[in-house]
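Shown next, in structure tokens, is the structure this report addresses.
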Amino acid sequence: MENSRTQQATISVIIPHLNQGKQLRRCLTALGAGHRIPDEVIVVDNGSHTVPDEICGDFAWVTLISQPLRGPGLARNLGAAQATGELLAFIDADCFPELTWLAEAENSFRDPGVHISGGDVKISYVDPHHLTAVEAYESIFSYRMEHYIKRQGFCGTGNLVVRRDIFERIGPFKGLTVAEDREWGHRACFKGYHIRYAPKQVVYHAARPSLDALQLKWDRQLTHDWAECSSNWGRITWAMKAMALALSPLPAVARIICSSRVTGLRNRASAWFVLVRIRLFRTKRMMLLLNGADASRHLEQWNKFDAL
């Protein structure tokens with residue numbers, strides 16, 4: 001794509017896609033309108049029922065490729081392998097960037113000490129004046145990027161920018177059997193690469209369309225977490241966390257009241273209602289896993305509800 005400004009580094013944007021045509025078009029439209037235009041955009045289809053060739057064809061600067069092996073991490077790896085940019089910017093098809101997204105990222109990487117940059121992810125609303133209960137909940141409790149980066153040592157891959165040479169040193173994302181963003185971030189930190197939180201590097205993500213979709217997300221996450229609990233002590237810790245989780249909605253009231261991500265008593269009450277439902281659901285699922293339930297089926301489709 002053409003860009004009249006002198007750039008510090010070339011930027012490749014990589015987008016994994018699975019049955020998200022409407023959202024992908026919105027993402028590409030926002031990228032094309034941004035203050036910093038990407039030097040290339042690679043969409044990696046991961047086995048969609050309808051390959052988005054017509055959508056990508058409407059944007060002459062987009063390259064569409066296919067990764068038949070399932071999993072967004074594997075799709076990102078293929079996109080990174082074919083990208084030519086000095087910076088690799090990862091965003092999901094069901095996200096769309098703030099107009100200043102890449103400009104902010106580019107500005108961060110003017111500092112040669114920045115290896116990886118992770119930005120904020122905010123919820124986009126169907127109707128900003130009438131939030132659904134799930135939108136209110138996810139605005140406060142989902143995509144906590146600052147917390148993930150500063151406290152847990154990883155960044156969600158819906159808003160991640162990394163120098164190409166650093167990505168190659170860290171290595172590729174894993175497949176569906178692990179939480180690939182968390183695993184990759186921990187591997188990066190282990191190798192000595194700091195992830196910088198960039199609050200002005202913003203993308204938007206729609207809330208999940210229903211409580212069922214939110215529960216499916218947690219089924220996948222709990223399956224990943226359970227896979228790491230192989231020891232007896234790990235199982236004891238798991239049981240203790242499950243019991244603590246059942247009691248956790250009450251202390252969370254203060255966080256809901258103080259959050260700046262929603263306004264109004266109705267939205268805060270809705271967020272707390274969903275919080276109670278989700279944490280009791282997680283407690284039940286954790287106890288089922290502890291008692292031998294097989295949840296591997298939850299890894300098969302990594303965005304079953306996102307396409308609705």
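Overview of results
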| read-out | value |
| --- | --- |
| Given charges at beta-carbon only (K, R positive; D, E negative), |dipole| of region 79-228 in Debye | 500 |
| Surrounding net charge for Asn159, when Lys and Arg each add one and Asp and Glu each subtract one, Cβ distance under 14 Å | -2 |
| Using alpha-carbon coordinates, inclination of helix 265-290 to the longest axis of the chain, degrees | 80 |
| Of all DSSP beta bridges in region 66-199, antiparallel share, percent nearest 5 | 65 |
| Degrees between helix 180-190 axis and first principal axis of the chain (Cα, 0 to 90, nearest 10) | 80 |
| Acute angle (nearest 10 degrees) that the helix 21-32 long axis makes with the longest principal axis of the chain, alpha-carbon atoms | 50 |
| Positive-pole candidate from Leu24, Val44, Ala207, dipole of the chain, charges at beta carbon | Ala207 |
| Cα point-scatterer Debye curve for region 91-138, base-10 log of I(q)/I(0) at q = 0.15, 0.29, 0.30, 0.32 Å⁻¹ | -0.56, -1.14, -1.17, -1.22 |
| Residue-span extension gain [Arg255 to Asp212] - 0.36 nm each, minus C-alpha spacing | 13.1 nm |
| Additional length obtainable on full extension of the chain from His194 to Leu290, 0.36 nm per residue less Cα span | 31.1 nm |
| Separation in nanometres of the label points that stand 7 Å from Cα toward Cβ, at Asp111 and Ala239 | 4.6 |
| For region 122-154 and region 59-78, distance of Cα centres in Å | 26 |
| Residue order, fewest to most surrounding Cβ atoms within 10 angstrom, among Glu54, Glu135 | Glu54, Glu135 |
| Cα-projected label distance for Thr263 with Arg144, points at 7 Å along beta-carbon direction, nm | 2.5 |
| Estimated vicinal HN-Hα couplings, Hz - region 226-235 in sequence order (Karplus 6.51, -1.76, 1.60; Gly, Pro = x) | 5, 4, 8, 9, 8, 8, 4, 5, x, 6 |
| Rounded to 5, the percent of DSSP beta bridges in the chain classed as antiparallel | 30 |
| Amide proton proximity set for Ala207, modelled H, under 5 Å, gap of 5+ | Ser124 |
| Partners for Lys200 among lysines (Cα-Cα distance below 27 Å; same-chain residues under 8 apart left out) | Lys22, Lys122, Lys150, Lys191, Lys217 |
| Amide proton proximity set for Gln201, modelled H, under 5 Å, gap of 5+ | Asp120 |
| Dipole moment magnitude, nearest 20 debye, the chain about Cα centre, only Lys, Arg, Asp, Glu C-beta charged | 1320 |
| Ratio of the Cα radius of gyration of region 211-299 to 2.2 N^0.38 Å, where N counts its residues | 1.22 |
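Each value in this text was obtained by applying a stated rule to the coordinates, not by laboratory testing. From a predicted model like this one, the values you see are computed outputs, not experimental measurements. Cβ sites come from the backbone with ideal geometry, for glycine too, and all protein chains shown count toward neighbours.
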